[in-house]
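Structure first, commentary second.
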Amino acid sequence: PLCMEQYYRLFTSYRLPGPERDTLVAQESTVMPEPEHIIVACKNQFFVLDVVMNFRRLNERDLLTQLDKILKMAENEDERQPPIGLLTSNGRTEWAEARSFLMRESTNRDSLDMIERCLCLVCLDEASGPQLSDTTCATMMLHGGGAAKNGGNRWYDKPMQFVVGADGCCGVVCEHSPFEGIVLVQCTEYLLKYMIGSPSKLVRAASLSELPAPRRLRWKFLPEIQKLISSSAEKLERLVKNLDMNVHKFYDYGKEFIKKQKMSPDAYVQVALQLAFYRCHGRPVSTYESASIRRFQQGRVDNIRSATPEALAFVKAMTEGKLSSSDTEKMELLQEAINAQTKYTILTITGKAIDNHLLGLREIAQEMKMEKPEIFKDEAYLISNQFILSTSQVPTTVEMFCCYGPVVPNGYGVCYNPQSGHIIFSVSSFRESPLTCSADFVRCLVQGLLDMRDLCNRCKHGSDSAEQRNGQMPEMHSHTKTRDKTPQRKSGQTNSQPASPQVLVRSSEQEIQTKKPS
């Protein structure tokens with residue numbers, strides 16, 4: 001059994017900014033929350049759309065009618081107001097200051113209350129540009145292309161923002177505080193499967209509707225707010241230009257090939273990431289892989305530390321020349337690295353890892369106003385918590401992927417989704433760092449995955465030949481079908497938000513019922 005408390009926060013929570021510390025506001029009730037409305041963002045304007053009226057849920061036809069009204073209302077330039085959503089993209093302290101200014105006016109308090117209590121946001125974005133790639137789609141989810149495009153068409157404090165672009169670029173922006181990424185994935189998969197499984201029908205907006213028009217949220221702006229919006233736009237633009245995102249689909253093989261080697265796909269990919277980083281930078285670094293601890297009540301995640309001595313021994317053997325180690329020795333080192341990774345994974349998900357334990361001790365000492373224990377001042381501890389390689393496996397049953405930014409200035413954020421015949425990687429880094437480059441990391445990662453496959457095949461072939469020489473029949477297996485790799489995508493630009501959102505993106509290449517999303 002797994003703790004399910006995170007699911008109750010999907011539609012009932014909000015991240016409230018504070019001058020020093022944010023507050024997670026979440027309703028405790030497990031029934032359908034009140035009020036029953038969503039917020040629709042369109043052209044940087046915000047509208048209240050009631051999804052329940054007179055105790056009746058709006059059907060698809062009604063919802064489409066209301067959304068059509070919102071599109072028309074957003075076109076009215078006389079009613080258009082400054083892009084208030086940009087404030088939520090700023091640093092948390094700056095946003096808390098701006099919110100305190102907004103709260104001085106009753107009109108603003110009402111608008112903030114409607115946003116903070118809504119079920120979720122639906123962001124209707126304008127087209128992102130001429131080229132719609134997975135990388136572009138990922139960056140558009142995060143920041144909307146900056147203040148000049150859809151950057152103000154977000155409200156980053158809300159846990160779930162469903163983004164629908166005019167060009168078919170669709171995804172979900174996740175504020176990570178209330179729940180983990182896998183909770184969002186399972187919610188989104190349920191919605192997609194429900195839509196695919198529902199009877200196919202063409203829905204048209206009603207030409208005449210008795211439903212009242214959605215309400216535009218109004219704002220009363222003080223001079224301080226205008227200045228903060230301008231500074232937020234400038235900071236967002238810098239963040240957009242700084243973050244380097246690269247979404248790559250590795251088509252040469254997937255988790256089925258790895259399973260045939262009797263290896264854990266997740267452990268295998270983690271070792272491949274160690275090999276990629278070592279080839280890029282010539283050294284191992286502190287690595288974070290999130291692991292669910294929902295086996296415990298209110299459990300979130302702990303850290304699988306993937307930079308093991310066994311992984312280092314393997315990557316050294318793979319990078320020190322072909323003659324330094326035989327294939328048999330390399331294969332043994334690979335098995336040892338994967339076994340070590342798998343063993344620590346089991347310890348972590350069963351509550352026996354070190355990071356949460358040490359974090360708890362540090363926080364207890366702070367709450368008790370104790371002098372910081374020496375271990376938390378130690379250089380080794382400080383270095384070990386600078387996660388230059390921050391990774392996460394987010395598997396899905398449909399074609400989509402998750403992405404996020406690095407957690408340190410000179411680091412990488414790597415999210416991956418192993419599928420049967422391919423693996424989707426989302427690699428991010430900061431352009432301002434002279435030490436990192438997402439495209440270089442992807443190239444090293446692809447080469448490492450190919451080298452590891454070839455090593456497995458050579459050792460398997462050698463084992464089969466030895467069995468034949470000894471008069472034994474080799475084990476029969478079907479080879480993984482290799483497809484042409486997709487061309488390397490150009491590195492996109494994504495937003496490193498102070499609130500560190502995650503993004504779940506529906507692949508632009510995925511088809512639903514033979515029709516591409518539009």
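If you take the residues of segment 363-377 that are under 31 Å from the mean Cα position of the chain (by Cα) and among the hydrophobic types (A, V, I, L, M, F, W, C), which of them is surrounded by the fewest Cβ atoms within 10 Å (Cβ to Cβ)?
Among those residues, the one meeting the criterion is 364.
Any residue at all in segment 188-209 that is of a type in the set (A, V, I, L, M, F, W, C), buried (at least 20 other Cβ atoms within 10 Å of the Cβ) and modelled with pLDDT of 90 or more? If you could, list the steps in order and put the result at the bottom.
Taking segment 188-209 and keeping what is of a type in the set (A, V, I, L, M, F, W, C), we get 191-192, 195-196, 202-203, 205-206, 208.
Now narrow it down to the ones that are buried (at least 20 other Cβ atoms within 10 Å of the Cβ): none.
No, there is no match, as no residue in segment 188-209 is of a type in the set (A, V, I, L, M, F, W, C), buried (at least 20 other Cβ atoms within 10 Å of the Cβ) and modelled with pLDDT of 90 or more.
So which residues in segment 263-297 are more than 21 Å from the chain's Cα centre (by Cα) and not in a helix (DSSP H, G or I)?
Hits for segment 263-297 are 263, 264, 282, 283, 284, 285, 295, 296, 297.
When you go through 458, 443, 453, 483 one by one, which is the residue that is under 22 Å from the mean Cα position of the chain (by Cα) and either modelled with pLDDT under 55 or basic (Lys, Arg) (or both)? Show your work before the answer.
Working: 458 fails: under 22 Å from the mean Cα position of the chain (by Cα); 453 fails: under 22 Å from the mean Cα position of the chain (by Cα); 483 fails: under 22 Å from the mean Cα position of the chain (by Cα).
Criteria check complete, one pass: 443.
Six or more apart or on different chains, Cβ atoms under 8 Å: show the pairs whose first residue is in segment 123-146 and under 19 Å from residue 175 (Cβ atoms) and outside the structural domain of residue 429 (by TED's automatic domain parsing) and whose second is of a type in the set (Phe, Trp, Tyr) and surrounded by fewer than 22 Cβ atoms within 10 Å (Cβ to Cβ).
Filtered contacts from segment 123-146: 123/162.
Go through segment 74-83 and count every residue that is more than 29 Å from the chain's Cα centre (by Cα) and surrounded by 14 or more Cβ atoms within 10 Å (Cβ to Cβ).
Final tally of qualifying residues: 3.
Can you confirm whether segment 235-257 contains a residue that is within 30 Å of residue 83 (Cα to Cα) and of a type in the set (Val, Ile, Thr)? Let's see the steps before the verdict.
Kept after step one, since they are within 30 Å of residue 83 (Cα to Cα), are these residues of segment 235-257: 235-247.
Right, trim to of a type in the set (Val, Ile, Thr) and you get 240, 247.
Yes, the conditions are met somewhere in segment 235-257.
Among (1) surrounded by fewer than 14 Cβ atoms within 10 Å (Cβ to Cβ); (2) part of a helix (DSSP H, G or I); (3) not acidic (Asp, Glu), where does residue 225 come up short?
The one condition residue 225 does not meet is (1).
(1) assigned by TED's automatic domain parsing to the domain that holds residue 94; (2) in contact with a Gly (Cβ under 9 Å, 6 or more places away or on another chain): which one isn't true of residue 273, the others all being true?
(1)
Cβ-Cβ below 7 Å, separation at least six or inter-chain, first residue in segment 341-354 and closer than 17 Å to residue 270 by Cα, second exposed (fewer than 15 other Cβ atoms within 10 Å of the Cβ): which pairs?
Sorted first by the residue in segment 341-354, then by its partner, the pairs are 349/295.
Of the residues that make up segment 76-87, is at least one over 26 Å from residue 222 (Cβ atoms) and either without any contact (Cβ under 8 Å) to a residue 24 or more places away in the chain or out of contact with any Pro (no Cβ under 7 Å at 6 or more places or on another chain) (or both)?
Restricting attention to segment 76-87, the residues satisfying the condition of being over 26 Å from residue 222 (Cβ atoms) are none.
Checked against the condition, which is being over 26 Å from residue 222 (Cβ atoms) and either without any contact (Cβ under 8 Å) to a residue 24 or more places away in the chain or out of contact with any Pro (no Cβ under 7 Å at 6 or more places or on another chain) (or both), segment 76-87 yields no hits at all.
Of the residues that sit in segment 137-153 and are crowded, with 24+ Cβ neighbours inside 10 Å and under 18 Å from residue 247 (Cβ atoms), which one is modelled with the lowest pLDDT?
Within segment 137-153, the first condition is being crowded, with 24+ Cβ neighbours inside 10 Å, and the residues that meet it are 137-144, 150-153.
Still in the list and also under 18 Å from residue 247 (Cβ atoms): 137-144.
Details: 137: 93, 138: 93, 139: 93, 140: 92, 141: 91, 142: 86, 143: 90, 144: 90.
Here the answer is 142.
Has segment 366-377 got any residue that is farther than 23 Å from residue 279 by Cα, polar (S, T, N, Q) and not assigned by TED's automatic domain parsing to the domain that holds residue 196? Give the steps one after another, and end with the answer.
Going residue by residue through segment 366-377, those that are farther than 23 Å from residue 279 by Cα are 366-377.
In the following step, the residues that additionally are polar (S, T, N, Q) were identified as 366.
Now narrow it down to the ones that are not assigned by TED's automatic domain parsing to the domain that holds residue 196: 366.
Checked segment 366-377: at least one residue is farther than 23 Å from residue 279 by Cα, polar (S, T, N, Q) and not assigned by TED's automatic domain parsing to the domain that holds residue 196.
Would you please name the residue that is modelled with the lowest pLDDT, looking only at residues in segment 378-402 that are surrounded by fewer than 18 Cβ atoms within 10 Å (Cβ to Cβ) and assigned to a loop (DSSP other than H, G, I, E, B)?
Filtering first and then ranking leaves 398.
Kindly establish whether residue 233 is at pLDDT 95 or above and within 29 Å of residue 382 (Cα to Cα). Spell out the reasoning first.
Values: at pLDDT 95 or above: yes; within 29 Å of residue 382 (Cα to Cα): no.
Taking the combined requirement at face value, the residue does not satisfy it.
Of the residues 64, 102, 71, only one is touching a residue at least 40 places away in the same chain (Cβ under 8 Å), crowded, with 19+ Cβ neighbours inside 10 Å and not aromatic (Phe, Trp, Tyr); which?
Values: 64 fails: crowded, with 19+ Cβ neighbours inside 10 Å; 71 fails: crowded, with 19+ Cβ neighbours inside 10 Å.
The match here is 102.
Kindly check whether there is at least one residue in segment 350-357 that is farther than 28 Å from residue 238 by Cα and over 25 Å from the mean Cα position of the chain (by Cα).
First pass over segment 350-357, keeping only residues farther than 28 Å from residue 238 by Cα: 350-357.
Narrowing further to those that are over 25 Å from the mean Cα position of the chain (by Cα): 352, 357.
Yes, segment 350-357 has at least one match.
Per-residue answers, yes or no, for (1) of a type in the set (S, T, N, Q); (2) in contact with a Pro (Cβ under 7 Å, 6 or more places away or on another chain); (3) within 22 Å of residue 386 (Cβ to Cβ):
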position	(1), (2), (3)
408	no, no, yes
411	no, no, yes
414	no, no, yes
419	yes, no, no
427	no, no, yes
437	no, no, yes
443	no, no, no
446	no, no, no
449	no, no, no
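Can you give me the ranges of the strands (runs of 3 or more DSSP E) entirely in segment 3-89 with at least 3 residues that are of a type in the set (A, V, I, L, M) and within 22 Å of residue 103 (Cα to Cα)? Write out each step before concluding.
On the way: elements: 13-16, 23-26, 37-42, 45-50.
Strands (runs of 3 or more DSSP E) meeting the threshold: 23-26, 37-42.
Check segment 251-270 and report whether any residue there is touching a strand residue (DSSP E or B) at 6+ places or on another chain (Cβ under 7 Å), surrounded by fewer than 19 Cβ atoms within 10 Å (Cβ to Cβ), modelled with pLDDT of 95 or more and closer than 16 Å to residue 339 by Cα.
The answer is no, given that none of the residues of segment 251-270 is touching a strand residue (DSSP E or B) at 6+ places or on another chain (Cβ under 7 Å), surrounded by fewer than 19 Cβ atoms within 10 Å (Cβ to Cβ), modelled with pLDDT of 95 or more and closer than 16 Å to residue 339 by Cα.
Consider residue 405 carefully, then state whether it is among the small types (Gly, Ala, Ser), in contact (Cβ under 8 Å) with a residue 60 or more places away in the chain and part of a loop (DSSP other than H, G, I, E, B). Walk me through it before giving the result.
Working: among the small types (Gly, Ala, Ser): yes; in contact (Cβ under 8 Å) with a residue 60 or more places away in the chain: yes; part of a loop (DSSP other than H, G, I, E, B): yes.
Yes.
Please pick out the residue among 267, 276, 317, 272 that is farther than 22 Å from residue 254 by Cβ and among the aliphatic types (A, V, I, L, M). Let's see the steps before the verdict.
Values: 267 fails: farther than 22 Å from residue 254 by Cβ; 276 fails: farther than 22 Å from residue 254 by Cβ; 272 fails: farther than 22 Å from residue 254 by Cβ.
317 is the lone residue from the list that is farther than 22 Å from residue 254 by Cβ and among the aliphatic types (A, V, I, L, M).
The values are calculated or read from the model by the stated rules, or taken from the named source; none is laboratory data. Owing to the predicted nature of the structure, the values given are computational and were not obtained by experimental measurement. Glycine gets a Cβ as well: all are built from the backbone with ideal geometry, and neighbour counts include every protein chain shown.
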